[in-house]
Structure formats: structure tokens, C-alpha cells
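Laboratory data are not the source of any read-out in this text; all were calculated from the coordinates shown. As the structure is a computational prediction, the values presented were derived from the model and not from experiment. Note: ideal-geometry Cβ built from the backbone for every residue, glycine included; neighbour counts use all protein chains shown.
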Amino acid sequence: MTPPVQPPQPLALYGPDFAADPQSHYRRLREHGPLAPVRLAPGIDALLVTDYQAAVDLLRDTHTFTKDPRAWQATVPDDSPVLPMLGYRPTALFSDGDVHARYRDAINDSLALIEPHILRAEVARVAQRLIGEFAATGSGDLIAQYARRLPVHVFVTWFGVPLGGSERIVNGIAGMFNSAEDAATAYADLVEVVTDLVADRRARPRRDLTSHLLAHPAGLDDDETVRQITLIMSAGHDPTTNLIGNALLHMLTDARYARSLHGGAMTAHEAINEVLWQDPPLANFAAHYPRRDTEFHGVRLRAGQLLLVSYGAANTQSAPGPSDPGVRSGSSAHLAWSAGPHRCPAKQPALLIAMTAIEQLTSQLCDAELDVPVSGLKWRPGPFHRALVRLPVRFTPVDMSAGTDRWEAAEGASDGLSAVSITP
């Protein structure tokens, strides 16, 4: 008698082994078909979609799957480190239908107030100031001193976060994505910063996105406003930081970009697009839950079971053959921005921030090179992101002190709202 086939053991997507080489894990997972069992944290299992077409089908199927995690969440310990990323909040990310549309409209209308040319100028100004802080030393960490600090300034400006709140925002978002023991504490501190901000703007509106969300026809209450803002910040800051860092690493290590730091043929746009295909900063996410017991791409699913999309695995899968025309018909057909009704609403601002950040840095530090072997680089552990711990470089020192004085003077004269265009 043939023994029954045992299901494969879940493959861990946390810890240093996965962080160092996720693609080898994805190759092993593909051996089990389009969906494979994974472990996100001790005791927390999911099915990971590694197949490109299955991922597209999941992201677009609002009839079979819901984004509301509450049935699944009831089976998870309250102190699970993945809940700050996956646990229910009243936001566009965790809702469907009319509720999702209400939240999404408020977010889309707010982000539409950001004028691209003003945003580009603001990012360039902040980038120049940040570069000026370490350019004369001949070395630096492009994550801690640049990629992590630049996006948070933009969010502080957009939403009117008071001085002193930026570091708490960065630490709160990073703690969420790391999904370690302190994840809940990190998220709670982020919520506290935004809650104080929303309470202040409810009493004293200003020309910023926080005040606009509070006044939006969607009629968001204070908690709904807090949750949309924390969603925008968490979905925008860490992935944008990682996109800048991963693209800079790509340009520093790929031979095709030789001398591109000094006006070569390969551009920041090309580097970003290749990273979005090969090493997306948000690697595994897009949680979905079957509304009922069902079958999906040959796999039996239970109602409420957690499924995640692996953008990192699906994007690097072999391209579909001639019988699948149009599936990956263009260079932007990757899934790094997701797809379907929950695709990223901030794609254009995020791309503009990343491209401007890279262009500014490579134009100033044109002979920058890695200060450690590639094998010596460390990656932040966690199932959701693809994020460098540090990106140390060396370069010819540049004296930018005169320019820094001008940028600091301009910054002091700003009302802090120059990156958004909001009429009173």
C-alpha cells in the first residue's frame, strides 16, 4: 500500500539565511507549484504565491478573496510579531467594496495634491543638504545617512509632522517591517505620533495633507484618519528607502553601469526598473483570504487561510512563453506596485523621489564605490521586505559647505509645506 503523500514543511521567510539569499528560497518553493507553504514567524504559516500568473489572478479576484484579515487574525496570538503588518485596521489595505472605495478615494485625492515639479525640487534640495553633511569625509553609509533620511523628510513635510517626530516615524515603520519581538511597540509609537498630529489638526487645521484628509468628503473620523496616514507612511517610507538603496547597490555592482555614476549610458530609471523586477523592496505581501473553501491554481484552500504574493519570486520567474501573449508585455509589467484594486496609489511620487534621490547623489559623488565586498553586505531580516542594513561607500571628498549654507537658509525660510500644493 502506497503511503499518503506528506505535505511539504513550511519554509521560513525570516532569519539571516532568508535575508541573505531569498532567491534560492524562492527556487525551492517553486518546486511545490504556484503556491507553497511558508512560515512568517514562529507558529505563523501562510501560502506564498510564487507564480506570476497566479499572483495576477489573486490580486484581481475580489469575488473569491477578501482583504479583511479578521477571521484569520482570530487564530493568531495577540503578540505575534507579524500583526503590525497583517492585523486589521480600518484602512484601504484591509477592506473591500464600498468601504475600500471610500478610504481609497480619500487617499487618492490627497496624494493628487502633490505637484510633481514641486516635489522634485523639494527632494533635490533635501538630497543636496544630506549629501553635504558627509561629502567632505570621503565615505558614508548611503542607507543611514541618505536613503533612510530623505523619504521621511518628505512625509514630515506633506503631513505637517512636528519637529522631533521624524525619528519616531522611521523607527516605528522599520520595526513593523522587521516583524521582530518589538514590532508591536514600534507600531504603537508610530500610531501615537500620528494620533497627536491628527488631534492637533482637528483643532487647528493647516495647509497639509493631514488637514485635507480630515476635511475630505469621505468624512473620516480621527481614528480612520490616523490609520490612513500610518498606512501611507509605512507603505511609502520603508519601501522607498529600500528602492533607493537597492538601486544604488545595483549601479555600484553591475558592470553594465560602469562609469554611469558620471553620465554613463545606464540611467537611474533603468536601475530602478531592473530592481523592481529583480529585487523589489517590498518582496512578499498583498495578504488575501479565501471567502470560502475553494481551489486556486490546483491547490485546495480553506476559508480564511492566509495567502501572500511574492513579488520577488513572481517577477523573477521565467517569462511566459508565446502561448501567453501580453502577460509580461512591457518593462513595467512587474508586480512590484501590486495590481488590481489594491495596487499602490503612490507609484508616481515614489518613483519621482527615488529617481531624484539617485540622480542627485550620483551627480555629486560620481566616483563612489563600495567600501566592503558585496559578500560583506548585510540584509535586514523579515519576511516582507528586501532591505540593506548598510551601504558603505568611499569617494573623492567634495566640499559642499557653501551650497549647504544656502540650502539651510532656504529651508529655514520655508513654511514646511513646499512639497504640496494645497489651497486654504
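Numbers below:
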read-out	value
Residues satisfying the stated conditions in segment 26-40, i.e. surrounded by fewer than 21 Cβ atoms within 10 Å (Cβ to Cβ), more than 17 Å from GLY304 (Cα to Cα) and either among the aromatic types (Phe, Trp, Tyr) or touching a residue at least 12 places away in the same chain (Cβ under 8 Å) (or both)	ARG28, ARG30, HIS32, GLY33
Listing of helices (runs of 4 or more DSSP H) fully contained in segment 174-292 that carry 2 or more residues being in contact with a His (Cβ under 6 Å, 6 or more places away or on another chain) and in contact (Cβ under 8 Å) with a residue 60 or more places away in the chain	268-278
Every residue from segment 155-172 that is more than 21 Å from LEU213 (Cα to Cα) and touching a Ser or Thr at 6+ places or on another chain (Cβ under 9 Å)	VAL170, GLY172
Index of the failed condition, ASP98 passing every other in (1) more than 30 Å from LEU365 (Cβ to Cβ); (2) crowded, with 21+ Cβ neighbours inside 10 Å; (3) among the acidic types (Asp, Glu)	(2)
Selection from segment 371-397 of residues that are of a type in the set (D, E, K, R) and either in a loop (DSSP other than H, G, I, E, B) or within 13 Å of ALA174 (Cβ to Cβ) (or both)	ASP371, LYS378, ARG380, ARG386, ARG390
Residue in segment 339-348 that is of a type in the set (A, V, I, L, M) and either farther than 15 Å from PRO151 by Cβ or in a helix (DSSP H, G or I) (or both) present	yes
Scope segment 63-94; condition farther than 30 Å from GLY15 by Cβ and out of contact with any strand residue (DSSP E or B) (no Cβ under 9 Å at 6 or more places or on another chain); matching residues	HIS63, PRO90, ALA92
Single residue of segment 112-162 satisfying the filter (assigned to a helix (DSSP H, G or I) and among the polar types (S, T, N, Q)) that is nearest to MET400 (Cα to Cα)	GLN128
Helices (runs of 4 or more DSSP H) (entirely within segment 1-95) containing at least 2 residues that are of a type in the set (Lys, Arg) and under 25 Å from GLY298 (Cα atoms)	22-30
Filter result for LEU190 (more than 22 Å from ASP79 (Cβ to Cβ), aliphatic (A, V, I, L, M) and either over 18 Å from the mean Cα position of the chain (by Cα) or crowded, with 23+ Cβ neighbours inside 10 Å (or both))	no
Restricting segment 131-148 to residues that are within 22 Å of PRO281 (Cα to Cα) and not hydroxyl-bearing (Ser, Thr, Tyr), the residue that is surrounded by the fewest Cβ atoms within 10 Å (Cβ to Cβ)	ALA144
Options PHE155, PHE159, PHE134: the member that is of a type outside the set (Gly, Ala, Ser), in contact with a helix residue (DSSP H, G or I) (Cβ under 8 Å, 6 or more places away or on another chain) and free of Cβ contacts under 8 Å to residues at least 60 places away in the same chain	PHE134
Test: residue in segment 135-153 that is under 20 Å from the mean Cα position of the chain (by Cα), among the hydrophobic types (A, V, I, L, M, F, W, C) and under 25 Å from ARG204 (Cα atoms)	yes
Criterion (basic (Lys, Arg), over 23 Å from GLN348 (Cβ atoms) and crowded, with 21+ Cβ neighbours inside 10 Å) met by exactly one of ARG256, ARG201	ARG201
